[in-house]
Every structure is written in C-alpha cells, then in structure tokens.
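Everything on this sheet refers to the single structure shown next.
The values are calculated or read from the model by the stated rules, or taken from the named source; none is laboratory data. Owing to the predicted nature of the structure, the values given are computational and were not obtained by experimental measurement. Don't worry about glycine lacking a Cβ; one is built from the backbone with ideal geometry, like all the others, and counts go over all protein chains shown.
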Ligand code: NAP
C-alpha cells in the first residue's frame, strides 16, 4: 500500500481519493480552501487534508488534480515539501503543454522527482468536492503520456495504480493524445455549445419558446457537453489551441458540405453520408 498525495480536491481529486482509500492506500489531500479540506475528510476522500503543503512530506506519489491553469504553479509550490523519490502525475485534460512545461520546470529547479503525464477520461457535469464519486474511473480509459526521458519504474507505478482503479490503461505521446481528445472531447464541446447558441438566437419568440417546450432526448444528448463546466471548456481551448482549431476547421468544412447538399437538393448524397456516419458511430461506442 502507498501513501498518496492529492492536490486539488474537486470532482477528479475527490473521486480518486475515495477509490484510493477504499483500496487501502493512505491519502493526504491539499486544496486551496479550508472548507474543501474539511469536506474531503468528512466524505472519506482523504485520511487528512490541509491547505499546507507540508502534509505531503512523506508521500510516495502525488496526483495533481487542480484546474489545468494551476497544475504548473502548484507543482512549483509543493516541490520543496516532497520526498525526492515521490512520483508526480497529473490528471489534466491536455497533455503536450503540461508535459513539456513540467519537464522544463523540474530541470530548472533540479528536481529528481519523476513526472508521468496522465488523463482519466471520466467526469460528470458537476465540479467540486461534493461532486466526487466512487468508481468514477472504473471501465473508462485512462491515458498515460510518458516521454523517452520518463523513468520506466515511475510509469509502471502510476500504471499499476490506474489499473487498480478499474480503468482501461492507454499510453501514447502527449501530442497524439491532444489531437485525439480534440476530436472526441474538445470539438464536441464547441459544437454542442454552438447548437445551444443557435437555439438561443432564434429571433421568433414563439418558435424559440416552443423549441424549449419540445426539447427532448435528442436535444439532451446533443447539448450535454455544451452545457458543462464553462471554465473547463475555456481551458481546453486555451491549452489545446492548435489541435482544437484543426478539428474546428474540419468541422466547418463538413458543415459547408452539408449546406451545399441541402441547397442543391442532393438528397441521395446526403443520405449516403448519413449512412456512413450511422455505421461509423458504432466504432466509438463500445458499451
Ligand atoms: P474541480 O471539480 O473544479 O476541482 C478542482 C479543485 O482544485 C477545486 O475544487 C479547487 O478546490 C482546487 N484548486 C483550485 N486551485 C487550486 C490550487 N491552486 N491549489 C490547490 N487546489 C486548488 O475540477 P475537476 O473537474 O476535478 O478538474 C480537475 C482537473 O481534472 C483538471 O485539470 C481537468 O483538466 C482534469 N479533468 C477533468 C475532467 C472532468 O470531466 N471534469 C475529466 C478529466 C480530467 P478549492 O475548493 O480548495 O478551491
């Protein structure tokens, strides 16, 4: 059993703590607010928690679970308090900038702590410690993005913990990860948000109000990710700009093709396209 540190006690950090404690690990939490630390102890996500980094002085592994924008600055702050052998891993939804800046930071401060980039592909629309759930990661992908300089022992240690959560482990390089999640996670957020915006900008009040009344399962499915955490959406765009833009340009070109087919009444071509998308979709939905 290990002594784990979790920095950033929200949905992901709290959920990780609940499962890690259930597996028998000891969990030390750090968060920005005292009230969050207290709640984390109350719900059983940590054995102890504090706003003071010294609580991490004897941990074996630290999960960095703050918002993306805070991962680097938080690491800089906690490093002096960590054992030199403690393995660092993050859960940020974008990997290339985090991994390269983290490696630069660790080199600059001459830290010997190994770092393994990670991203659990699991979440809900909720945030904060009270959104934490048992088994959030079970059955879901969890990607590790080591580089050629990442010590293999550290990768194996994080991988073993990830597997024990019941997650499906994947490994790839950081930028391949970012391009893949732009397609299946970040682009859908922007597309779904645009869909909600189109409804909101309908000028005819009677149509708009009726649309609100008639919205049902189709709209629930297609609007779900566009109605999620705005801060997370912003950070996806800010941290994964190039890959997101590339997928948005592709999407715009696909929309233009559909507009053209509808304008030209190319119904057979449109149906042929929808036949292909109907078939392709099943590849992405395994359960
Ligand atoms: P969240 O529920 O908002 O949790 C983040 C927590 O970090 C907050 O509750 C906050 O706690 C704490 N925090 C903020 N700044 C801090 C700082 N400087 N030092 C210490 N603690 C700080 O967000 P989340 O959804 O768990 O996301 C956390 C990370 O997971 C992000 O990097 C995100 O990219 C990644 N991720 C999210 C999802 C998802 O679907 N939500 C999925 C995969 C990965 P206080 O109350 O103490 O301020």
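Considering 286, 254, the condition of being without any contact (Cβ under 8 Å) to a residue 40 or more places away in the chain and not in a helix (DSSP H, G or I) is satisfied by 286 alone.
Taking the criterion of being assigned to a helix (DSSP H, G or I) and surrounded by 10 or more Cβ atoms within 10 Å (Cβ to Cβ), the residues of the stretch 213-223 that qualify are 219, 220, 221, 222, 223. Of all positions in the stretch 30-40, at least one carries a residue that is closer than 22 Å to residue 119 by Cα, within 10 Å of the ligand (Cβ to nearest atom) and assigned to a loop (DSSP other than H, G, I, E, B).
The criterion of at least 2 residues that are modelled with pLDDT of 95 or more, touching a helix residue (DSSP H, G or I) at 6+ places or on another chain (Cβ under 9 Å) and exposed (fewer than 12 other Cβ atoms within 10 Å of the Cβ) is met by the following helices (runs of 4 or more DSSP H) wholly inside the stretch 149-210: 187-200. With respect to (1) under 21 Å from residue 120 (Cα atoms); (2) near the ligand (Cβ under 10 Å from one of its atoms); (3) in a loop (DSSP other than H, G, I, E, B), the lone exception for residue 46 is condition (2).
Scanning the stretch 68-81 for residues that are surrounded by 18 or more Cβ atoms within 10 Å (Cβ to Cβ) and in contact (Cβ under 8 Å) with a residue 60 or more places away in the chain turns up 68, 74, 78.
When the criteria are applied in full, residue 7 fails the requirement of being within 20 Å of residue 102 (Cβ to Cβ), under 23 Å from the mean Cα position of the chain (by Cα) and more than 10 Å from the ligand (Cβ to nearest atom). Among residues of the stretch 1-26 that are closer than 17 Å to residue 121 by Cα, those with a beta-carbon under 7 Å from a residue that is within 16 Å of the ligand (Cβ to nearest atom) and in a strand (DSSP E or B) at least six positions away or on a different chain give the pairs 12/120; 13/6; 13/63; 16/6; 16/63; 17/6; 17/27; 17/29. Taking the numbered list (1) closer than 29 Å to residue 15 by Cα; (2) in contact (Cβ under 8 Å) with a residue 60 or more places away in the chain in turn, residue 156 passes all entries but (2).
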